[in-house]
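Everything on this sheet refers to the single structure shown next.
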Amino acid sequence: MMHFLAVYGLPLVGKTWQHIYISGISLGLGVIFAVPLGIALTRTKRTANIVISIASMLQTIPALALLAFMIPIFGIGVKPAIVALFIYSLLPILRNTYIGMSDVDPSLKDAAKGMGMTNWQSIIKVEVPLAAPVIMSGIRLSATYVIAWAALASYIGAGGLGDFIFNGLNLYRTDLILGGSIPVIVLALVVDWLLGKVEAALTPRTSEE
Amino acid sequence: MFLSMEHLNKTYPGGKVAVEDFNLEVEKGEFVCFIGTSGSGKTTTMRMINRMLQQTSGTIKINGTDISQMNPVELRRKIGYVIQNIGLMPHMTIRQNITLVPRLLKWPQDKMNQRAKEMIKLVDLPEEFLDRYPSELSGGQQQRIGVVRALAADQDIILMDEPYGALDPITRESLQDLIKDLQERLGKTIIFVTHDMDEALTLATKIVVMDGGKIMQVASPDEILQHPANEFVENLIGKDRLIQARPSITTVGQVMLKNVASITPDRLLKEALKTMHDRRVDSLLVTDDGGTLKGYLDIEDIDYNFKTATSVGDVMHDDVFYVKSDSLVRDTVERILKRGFKNIPVVDNDKKLVGIVTRAALVDIVYDALWGDDDKKTDSEDTQAATTAADQGGDAQ
């Protein structure tokens, strides 16, 4: 263990940073894209079914295949990896945003509208705050997926902790495989825990503690 | 007219007609109840007033302005809205909930705080509640907040969609008292949708009975009880309620004695005295030949004036107090008792004498009002029996 760290310590930090960078950007883009889209879809129910079906379909493409598809379009490196992971992050966020928004008690939406809130005010002041826990759990799920699958991004030359794992597999070196896998797991757990904190902070209070 | 609805129609895509040729005029300060079974179009009609639904045709005017010309968001901020499921925002404190519309209208903070305090006082809840969340209040307390939320921005019209439907009977009753009191005190105009006839009869100044999207009857609670427009309205009111309502809707004509001792003014006092003697009464009503009530004459008048006057017309009193046969006993009984008359003549619309109400008859009425319910309860095992008993009671009087 100490030996491993002494030899691979510095590259490990670098690869971990790459890993965080790739998954962070993919997830960030996913949130920026999927949350507003999910909200917009609650206003057009018919389009919603179509869009969510497409997102589900994208989700069924094997991860490696999707990464491979990116090569002819974006070449190799970080860019295609980010695009592929972004596509994967969409569905959980999109679906949870849509469900969370749709599940807000209809009488609250009725009251909000009936008291004279604009559509926008109803979304910002009523629906999003109440849907926040559900939206956040979609984001947490996506984060775990993206961090795990970012390991595969090494396959198309994006770097990250996947480099250790693939090297280990090629060289039959268990220490390299573990040295890549364990940080991925730890990273996923830490990020999930942090996002859990964010979720708690975003969940509106409904009673005095 | 404060609120007027003309030829409103609402047809849903697919051809289902929800509201058909709905016409209604509402004055400021009226408490209007829309009542009907589910699917009668009452809620649909109400929701057209704040443009939550758009009518297929017809116009709604508030203070003469066609609401379709107004911005729907601004319109809704001027109209209070209370719904059955209360709809308090669970993530906002009571204070934030109450001041929701003022906040949309961008009132200054201190004015909103002030208003929140006034409002919570209005519904008899402690000020500490302002910082609590809706989930910490009981259903009844929540709906009290729901009611003042609709008043907080000085809305003149309040729409209430079966607001008490989900509450237990005791809570419902106290909230009914509250809204009636607030409405009268603050002079608000309320449109209240309900399917509960008791509620409508208690609260409304005007009841709109609807069925299948059409108006069946628009009338005051009294009129509805007295003259249900058709069988549907009758069924909606219910037989039991019609019987129970009888004491309060009995007309003078139904309790008066029809065989009245009367005399014409040209008769001699001697004849008047003989009539009194024969009929065993101490006063006579005076009518002309056509039967129109002219005055009255009692035994003392004859006693004092027997020597000086000769005809009834010379000594009769023409300041006679009378009641009309179609006026309600409930409305007249107090006046009769207060004036201390022994007998009150009853006239029809042409002032023709048709009967007399005696104090003895009033005793019967008061007795019925106080004990009549108990009598009916014993009979109520058989509704038919109760009906018959009530009918006979009416005839006997």
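Nothing in this text is a laboratory measurement; each read-out follows from the coordinates by a stated rule. These numbers were taken from a predicted model, which means no experiment stands behind them. Cβ sites come from the backbone with ideal geometry, for glycine too, and all protein chains shown count toward neighbours.
Please identify, among B:39, B:165, B:64, the residue showing maximal mean-square fluctuation in a Gaussian network model of chain B using a 10 angstrom Cα cutoff.
B:64
For a footprinting-style exposure proxy, rank B:351, A:15, A:197 by other Cβ within 10 Å, fewest first. Spell out each step's value before the answer.
Details: B:351 16, A:15 21, A:197 9.
Placing the least packed residue first, the sequence is A:197, B:351, A:15.
Please give the Cα centre distance for region B:1-53 versus region A:1-31, rounded to the nearest Å.
65 Å
How high is the FRET efficiency from residue B:292 to residue B:59, r the C-beta distance, R0 51 Å, rounded to 0.05?
Working: r = 49 Å, r/R0 = 0.96.
Computed FRET efficiency for residue B:292 and residue B:59: 0.55.
Which residues' amide hydrogens lie under 5 Å from the amide hydrogen of residue B:36, considering only partners 5 or more residues apart or on another chain, with H built in the peptide plane?
HN-HN under 5 Å from residue B:36: B:194, B:210.
Measure nothing fancy, just the Cα-based angle from helix A:78-102's long axis to the longest principal axis of chain A, in degrees from 0 to 90, nearest 10.
30 degrees
Could you tell me which of the pairs A:125/B:117; B:258/B:324; A:45/A:109 are separated by over 18 angstrom between their Cα atoms in the structure shown? Spell out each step's value before the answer.
Working: A:125/B:117 23 Å; B:258/B:324 13 Å; A:45/A:109 16 Å.
From A:125/B:117; B:258/B:324; A:45/A:109, over 18 Å: A:125/B:117.
When B:357, A:184, B:281 are ordered from fewest to most other Cβ atoms inside 10 Å of their Cβ, what list results?
Values: B:357 25, A:184 22, B:281 17.
Fewest-to-most Cβ neighbours within 10 Å comes out as B:281, A:184, B:357.
So for B:215, B:79, fewest C-beta neighbours within 10 Å to most, what's the order? Walk me through the numbers before you get to the answer.
Working: B:215 21, B:79 26.
With the sparsest Cβ surroundings first, the list reads B:215, B:79.
For a 32 Å ceiling on Cα separation, which of these pairs sit above it: B:78/B:121; B:28/B:338; B:10/B:206? Intermediate results must be reported in sequence, preceding the final value.
On the way: B:78/B:121 22 Å; B:28/B:338 34 Å; B:10/B:206 23 Å.
As for pairs spanning more than 32 Å Cα to Cα, those are B:28/B:338.
At 7 Å along Cα-to-Cβ for each site, give me the label-to-label distance between residue B:342 and residue A:68 in nm.
11.8 nm
What distance in nm separates the simple spin-label points at residue B:270 and residue B:363, each placed 7 Å from Cα in the Cβ direction?
About 3.7 nm, to one decimal.
I'd like the orientation of helix A:128-150 relative to chain A: the angle between its Cα long axis and the longest Cα principal axis, in ° from 0 to 90, rounded to 10.
Value to nearest ten degrees: 20.
Determine the relative contact order of chain A: mean sequence separation of Cα pairs under 8 Å and six or more apart, normalised by residue count, in whole percent.
Working: 257 pairs, mean separation 54.1, N = 209.
Relative contact order here is 26 percent.
Compute the length gained on full extension between residue B:124 and residue B:110: take 0.36 nm times their separation in residues and subtract their Cα-Cα distance, giving the result in nm to one decimal. Write out the running numbers ahead of the final one.
Numbers: separation 14, 0.36 × 14 = 5.04 nm, distance 2.15 nm.
Roughly 2.9 nm would be gained on extension.
What aspartates and glutamates does residue A:113 reach when the alpha-carbon gap must be under 17 Å and sequence neighbours fewer than 8 apart in one chain are set aside?
A:103, A:105, A:127, B:74, B:161
Simple spin-label model, 7 Å along Cα-to-Cβ: residue B:12 to residue A:99 in nm?
2.8 nm
Could you state the number of Å between the C-alpha centres of region A:78-140 and region B:77-104?
With region B:77-104 and region A:78-140 each reduced to a Cα centre, they are spaced 22 Å.
Let me know the mean shielding of B:52-62 by other chains, meaning the per-residue number of their Cβ atoms within 10 Å of its Cβ. Spell out each step's value before the answer.
Details: counts 3, 0, 0, 0, 0, 0, 0, 0, 0, 0, 0.
What the average comes to for B:52-62 is 0.
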